[in-house]
There are 2 protein chains.
Amino acid sequence: MSPQITRPSPLRIEPIEGYSPAIGRLVCMLTYARSTTLAAVEGLTLTELDRLHDADSNSIGALLAHIAAVEVSYHVLTFEERSLSAAETDRWSAVLKLGANGRQTLRGHPLEHYVEQLAAARRITLEGLAARDDDWLERSVTAAPKINAHWAWFHQAEDEINHRGQIRWLRARLPKES
Amino acid sequence: MSPQITRPSPLRIEPIEGYSPAIGRLVCMLTYARSTTLAAVEGLTLTELDRLHDADSNSIGALLAHIAAVEVSYHVLTFEERSLSAAETDRWSAVLKLGANGRQTLRGHPLEHYVEQLAAARRITLEGLAARDDDWLERSVTAAPKINAHWAWFHQAEDEINHRGQIRWLRARLPKES
């Protein structure tokens, strides 16, 4: 018999195989949040992903790029235990801050592009979390000692869910035949 | 010396006094999510709370009422271990489902009204969680056995954060002098 791959049940938060207990519960939350993000954008066309609802809105595509970029920035902060370098801060400024620069630069990609960005970031997250334990999760983040690693990763899900709420709102208002 | 009341640090997820360890971490998340909701609506007037951005939008006030009602429905589901009664389902239909009925009925209240609803629901949540332990948190919910209690309470925060994302978006688009 081949070993069965254990996936978190979508509707349970509990320790899961391959992670220490508190990290496993966190992975359940991250996984659930991501599944709802992907469900919220399923089937969107490039035109729909790029659409700006109004002059101050972020496109759904930009919000997806932002979610992936926040996750990568938390790799740096919690796994590499350092702040973003000046070059990274500069390179990721538009996608981390969104707004006017993001509206200009974060566009022109099909859904697969964003889904791959999200999956690539998530692979590193899960590998990083699998290699660590609950003591690590509770420790303060070296480069940002007011937060601990658990808050950092909760906040990743929390920021994603916040933007997913906006994505759902924006999607419901896409032109019917764009 | 009077005993110091321990409050969760806003930027840490960790076990806290008065709760079993996993429940304490969850309370940190619920507390953080709530603090951001309250920050997102601070200072809004009744007119602003009632404003409908477009014909399909929920008002910010309705979203606040919804957040409190979802929390109360999870008291029933996880603390009272039962489904909503027919009378409750009927009474809470507009606020739990939002949409057209909610747009008609969930209005006319100042911010204090919603803040008190939220605080009243949260008091019961914290009392209920303080009286229970991590084994309870992991158990399936009797009236909804696909979910466990930890997912139910994570989902409470998750739904709140989703709507907080929408509240921020709507608040940024309120008329400047309403």
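Selection of segment A:142-178 for residues being of a type in the set (S, T, N, Q) and over 23 Å from residue A:26 (Cβ atoms) yields A:166, A:178.
The residues listed here are A:17, A:42; of these, the one that is among the charged types (D, E, K, R) and either within 19 Å of the chain's Cα centre (by Cα) or under 24 Å from residue B:156 (Cβ atoms) (or both) is A:42. The helices (runs of 4 or more DSSP H) located wholly in segment A:44-108 that include 3 or more residues which are of a type in the set (S, T, N, Q) occupy A:100-105. Residue count for segment B:146-178 satisfying the condition of being touching a His at 6+ places or on another chain (Cβ under 9 Å) and in a loop (DSSP other than H, G, I, E, B): 2. Filter segment A:130-149 down to residues that are in contact (Cβ under 8 Å) with a residue 24 or more places away in the chain and either more than 14 Å from chain B (Cβ to nearest Cβ) or open to solvent by 10 Å² or more (accessible area, probe 1.4 Å) (or both) and give me whichever is nearest to residue B:167 (Cα to Cα). Only one residue fits best here, namely A:144. When the residues of segment A:13-27 are filtered to those that are free of Cβ contacts under 8 Å to residues at least 60 places away in the same chain and closer than 15 Å to residue A:137 by Cα, the one that is surrounded by the fewest Cβ atoms within 10 Å (Cβ to Cβ) is A:15.
Being open to solvent by 50 Å² or more (accessible area, probe 1.4 Å), away from every other protein chain (no Cβ under 14 Å), under 30 Å from residue B:24 (Cβ atoms) and touching a residue at least 12 places away in the same chain (Cβ under 8 Å) holds for only one residue in A:82, A:51, A:107, and it is A:82.
What about residue B:102, is it open to solvent by less than 60 Å² (accessible area, probe 1.4 Å), away from every other protein chain (no Cβ under 14 Å), touching a Phe, Trp or Tyr at 6+ places or on another chain (Cβ under 6 Å) and in contact (Cβ under 8 Å) with a residue 40 or more places away in the chain? Criteria not met by residue B:102.
The values are calculated or read from the model by the stated rules, or taken from the named source; none is laboratory data. Everything numeric here is computed off the predicted structure, so don't read it as measured data. Quick reminder, even Gly has a Cβ in these numbers, built from the backbone with ideal geometry, and neighbours come from all protein chains shown. All accessible areas refer to the heavy atoms of the entire protein, side chains included, with ligands and DNA or RNA removed. Shrake-Rupley method; radii C 1.70, N 1.55, O 1.52, S 1.80 Å.
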